[in-house]
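Trainee: I have a structure here, written as structure tokens, and I will follow up with some questions on it.
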Amino acid sequence: MWATLLTRRMLICVFTGFSSGLPLYLLLNLVPAWLRTEGISLRTIGAMALIQFPYTWKFLWAPLLDRYVVPALGRRRGWMVITQLLLFAVIAWMGSLSPADELGWIVLAATLVACASATQDIAVDAYRRELLGEVELGLGNAVHVNAYRLAGLVPGSLSLILADRLPWPTVFVITALFMLPGLLMALSVREPALTVTAPRTLRQAVVDPFRELLGRAGVRGALLILGFIFLYKLGDSLATALATPFYLDMGYSKSDIGLIAKHAGLWPAVIGGLLGGLWMVRLGINRALWLFGVVQLVTILGFVVLAQAGPYPAIGVHERLVLATVIGAEALGVGLGTAAFVAYIARTTNPAYTATQLALFTSLAAVPRTFINAGAGWLVEKLGWTSFFVLCTVLAVPGMLLLWKVAPWTERPSTPATPGEPSR
């Protein structure tokens, strides 16, 4: 397993993950902090969350990346280079704007970052799927996801520290420079060696990915796959939608949450993702979905225990250990479950239509985070914290039940065939 980890392909997954994560965390962490320190209202900052919609709707233009090949660079590398250059330029430019006088331009810049980042994700996901063999999918995607998370330390930590010492334009330029490693990687690697060719027309690029999925799985099978992708992480996603307000209601201070959640939440997720990827080399993706899904479901119950124990009248060492345990266990479950889930999504695509099918699947997986989580506050007000987390646990069950159909424990899954070939 370790020999599989220490390869050039896994190193490429580190670069793809880091390049994908940096722009999103810039929008989530750095831009709101910048605007707030410059006196922009919370209502305006909150409304800017709408610029994240390209991540949900990226499947609409994904066929363009399947259809059109960038000359000299190739179908995947070309789009990676174009989007990474655009991200570097726009991020550096954004910091030169004045929030007080040029907020409209900042909104435009942030929208461009979101669109370019979502497009980069399409190209990067497709490249990674075509690069890795099936036995490497679990580990490679786990490495990618962990690098994605670690990229958040740049805009979410380093850039904020620098902002106390340097002017904002300089901070944004330094942050933009972290896009260069991914750009250099894209320029230095080769296109994956595939027997498939790009669709000859835009109509083929739009229609054929859906036709291929229906032809391979049937209408019922395709609906089961899409239902599973929607449901597998629904309970876990909803449970963490209002995590910070929940911790505050339990009596923890903002300092407690910042210190404990930062470390207890990040590193178990990274370790869980890496271990999950390594174990999948032996277990296979199907069995990993079962085992890691159970861990993901059970760790939601930690929030139930915390809700029943709180709110605490005073916060001491014991209470902080309880919080760290709950957050760490949930993060470990997320790391394991995400590793298997992302590998499953990648395996389900056909190499001829990787960009479109992956964009569709990952967009569908983001729907709970984008839309359903918006109702979390209403549910808490109606049910209370304990019942809310019990509901989240129950909502994790349907995705597990669908495993009987989409990823049976004992069945060796077939690899999607290329056009004109039978499944194998």
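The values are calculated or read from the model by the stated rules, or taken from the named source; none is laboratory data. Treat the numbers as computed from the prediction; the structure is a model and nothing was measured. No Cβ is skipped: glycine too gets one built from the backbone with ideal geometry, and neighbour counts run over all protein chains shown. Side chains are part of the model used for accessible areas, which takes the heavy atoms of the whole protein and leaves out ligands, DNA and RNA. Shrake-Rupley method; radii C 1.70, N 1.55, O 1.52, S 1.80 Å.
Trainee: Quick check for you: with a 1.4 Å probe and neighbouring chains kept, what is the accessible area per residue of segment 46-194, in Å²? If you can, show how the numbers build up before the last one.
Mentor: Working: 5840 Å² over 149 residues.
Per residue, segment 46-194 has 39 Å² of solvent-accessible surface.
Trainee: Ignoring chymotrypsin sites (Phe, Trp or Tyr not before Pro) that are buried or in helix or strand per DSSP, and keeping those with at most 15 other beta carbon atoms within 10 Å, what is the longest stretch of the chain between them? Present the calculation step by step, with values, prior to reporting the outcome.
Mentor: On the way: sites that count: Tyr68, Phe371, Trp409.
Counting at most 15 other Cβ atoms within 10 Å as exposed, the longest clean stretch of the chain is 69-370.
Trainee: Using only the Cα atoms, work out Rg/Rh for the chain, with Rh taken as the Kirkwood radius, to two decimals.
Mentor: 0.96
Trainee: Positive end of the dipole of segment 261-370, charges at C-beta (+1 Lys, Arg; -1 Asp, Glu), about the Cα centre: which of Leu266, Val326, Gly302 has its Cα farthest in that direction?
Mentor: It is Leu266, whose Cα lies furthest towards the positive end.
Trainee: Whole angstrom only: what separates the Cα centroid of segment 269-326 from the Cα centroid of segment 62-93?
Mentor: 37 Å
Trainee: In debye, nearest 20: dipole of the chain around its Cα centre with unit charges on the Cβ of K, R (+) and D, E (-)?
Mentor: Numbers: 31 positive and 21 negative charges, 198 e Å.
Approximately 960 debye in magnitude.
Trainee: Quote to one decimal, in nm, the extra length available between Val207 and Ala49 on full extension: 0.36 nm per residue of separation minus the C-alpha distance between them.
Mentor: Values: separation 158, 0.36 × 158 = 56.88 nm, distance 3.14 nm.
That works out to 53.7 nm of additional length.
Trainee: Exactly which trypsin sites (Lys or Arg not before Pro) in segment 103-167 are in a DSSP loop and have at most 14 other Cβ atoms within 10 Å? Present the calculation step by step, with values, prior to reporting the outcome.
Mentor: Values: sites: Arg128, Arg129, Arg149, Arg165; in loops: Arg165.
Of the trypsin sites (Lys or Arg not before Pro), the ones in loops of segment 103-167 whose Cβ has at most 14 other Cβ atoms within 10 Å are Arg165.
Trainee: Now for a different question. List the GluC sites (Glu not before Pro) in segment 308-414 that DSSP assigns to loop (not H, G, I, E or B) and whose Cβ has at most 16 other Cβ atoms within 10 Å. Which are they?
Mentor: Working: sites: Glu319, Glu330, Glu381, Glu411; in loops: Glu411.
Counting only loop positions with at most 16 other Cβ atoms within 10 Å, the GluC sites (Glu not before Pro) in segment 308-414 are Glu411.
Trainee: Helix check for the chain. Which DSSP H runs span at least 27 Å along their own axis by Cα, with a mean Kyte-Doolittle hydropathy no less than 0.0? Walk me through the numbers on the way to the answer.
Mentor: On the way: long enough: 103-131 (41 Å, 0.83); 202-231 (31 Å, 1.01); 254-283 (41 Å, 0.88); 285-309 (36 Å, 1.70); 317-348 (46 Å, 1.14).
Correct list, ordered by number: 103-131, 202-231, 254-283, 285-309, 317-348.
Trainee: At a 1.4 Å probe radius, carbon and sulfur cover how many percent of the accessible area of segment 27-169? Let's see the in-between values first.
Mentor: Values: 3860 of 5690 Å².
Using a 1.4 Å probe with all protein chains present, segment 27-169 comes out at 68 percent carbon and sulfur.
Trainee: Which of Leu137, Met250, Thr111 sits farthest toward the positive end of the charge dipole of the chain, with +1 on the Cβ of Lys and Arg and -1 on the Cβ of Asp and Glu?
Mentor: Of the candidates, Leu137 comes out farthest on the positive side.
Trainee: If the cut-off is 18 Å between C-alpha atoms, which aspartates and glutamates fall inside it for Lys254, apart from same-chain ones fewer than 8 positions away?
Mentor: Glu319
Trainee: Over the chain, calculate the relative contact order: mean separation of alpha carbon pairs under 8 Å at least 6 apart, over the residue count, as a percent. Numbers along the way, then the final one.
Mentor: Values: 620 pairs, mean separation 106.9, N = 424.
Computed value for the chain: 25 percent relative contact order.
Trainee: Using just the helices of the chain, give the 222 nm mean residue ellipticity in deg cm²/dmol: DSSP H runs with n ≥ 4 each add -39,500 (n - 2.57), and the total is spread over all residues, rounded to 500. Mind dumping the intermediate values first?
Mentor: On the way: 23 runs with 310 residues, N = 424.
After summing the helix terms and dividing by residue count, I get -23500 deg cm²/dmol.
Trainee: As an exercise, identify the trypsin sites (Lys or Arg not before Pro) in segment 173-269 lying in DSSP coil whose Cβ has no more than 11 other Cβ atoms within 10 Å.
Mentor: Here the trypsin sites (Lys or Arg not before Pro) that fit, given the DSSP loop and packing criteria, are Arg190, Arg200.
Trainee: Of the residues Leu150, Leu162, Leu358, which exhibits the maximal mean-square fluctuation in a Gaussian network model of the chain defined by a 10 Å Cα contact cut-off?
Mentor: Leu162
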